[in-house]
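The structure appears below as structure tokens.
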Amino acid sequence: MDDNGDEAAHRTLPPPAGVRGRRRPRLSRGDRREAAILDSVVRLLRDRPARKITIEEIAKGAGLSRPSVYFYFDSKQAIIDAAVQRVMGSMLSTAAAAAGNEEITLEASLEGLINNVLDIWVEHGSLFCAAIDYVGRDLEARIAWRDVLEAGADELAAMLERDRARGLVKPGGDARALAVAAHWMVERNCYMLFSREHTKLEELALRTTMVLSARRILGLPEPQDAEPRNADLQQTEPRQTETRETETRGAGS
């Protein structure tokens, strides 16, 4: 482990079963400190990449000492993992709620599910990008990230199979394989957008593209009004979601 709190190998994210977490009516002192540490790293990641963030900065943002941070987490990557776990819990809970409601069809809920994912990326894109960057360097982390993503795909597959059985969707291909493909499509496209400077227009265009593409992957009928909402496409100011691209250009000059 170096002075920044990095370590050579760390398992990114727990298995999907642990992602959902548990609710407590009141937070203990330790829970509040852990939450403060996670909030601190999320704020810091909005300004610069994980490799330029130190444990001291995380501790300062949480109002704690460096030893206190290490009492709860053994590395900077472990803090990032826990922060991602917290966000993923909300995302998976939304998917599970839709899958558990038999009165809701996949066609009726798909756009809402994708928009929920995009909303979370808008708020936490820098956090997800930091986790995905690490996933690319570590096999165990990559397997854990895959398991978390595919837990959401399982919920989508259950909805697809249910609607096929009702005759609402024509059969065609393995439901889980299609759901997994749809999930990875969203993940990759979100990463490619939020890992660079981009505009609000690009975010809105991505939402439309992801809904249309997911519908086709899952075999849903074409929607009647697939055009982007023009009123929403007027705002085109750049979003400073990441600093990595700027730094890369600076390093190469």
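For segment 80-245, a/c is not less than 1.5, where a ≥ b ≥ c are the root eigenvalues of the C-alpha gyration tensor, and a/b does not top b/c. That puts it in the oblate class. By definition, a body whose alpha carbon gyration tensor gives a ≥ b ≥ c is prolate when a/c is 1.5 or more and a/b is larger than b/c, and segment 28-74 fits this prolate description. Put simply, the amide H of T199, placed in the peptide plane, has neighbours under 5 Å in R239, leaving out anything fewer than 5 places away on its chain.
Bridging of K52 to lysines at a Cα separation below 25 Å is possible for K60, K76, once same-chain residues fewer than 8 apart are set aside. Given +1 at the Cβ of Lys and Arg, -1 at the Cβ of Asp and Glu and no other charges, the dipole of segment 80-245 around its Cα centre is 260 debye to the nearest 20. Inter-label distance, A205 to Y70: 4.8 nm, where each label sits 7 Å from its Cα along the C-beta direction.
No value in this document is a laboratory result; all are computed from the given coordinates. In this text the structure is predicted, and so the values were computed from the model without any measurement. Every residue, glycine as well, gets a Cβ built from its backbone with ideal geometry; the counts of neighbours run over all protein chains shown.
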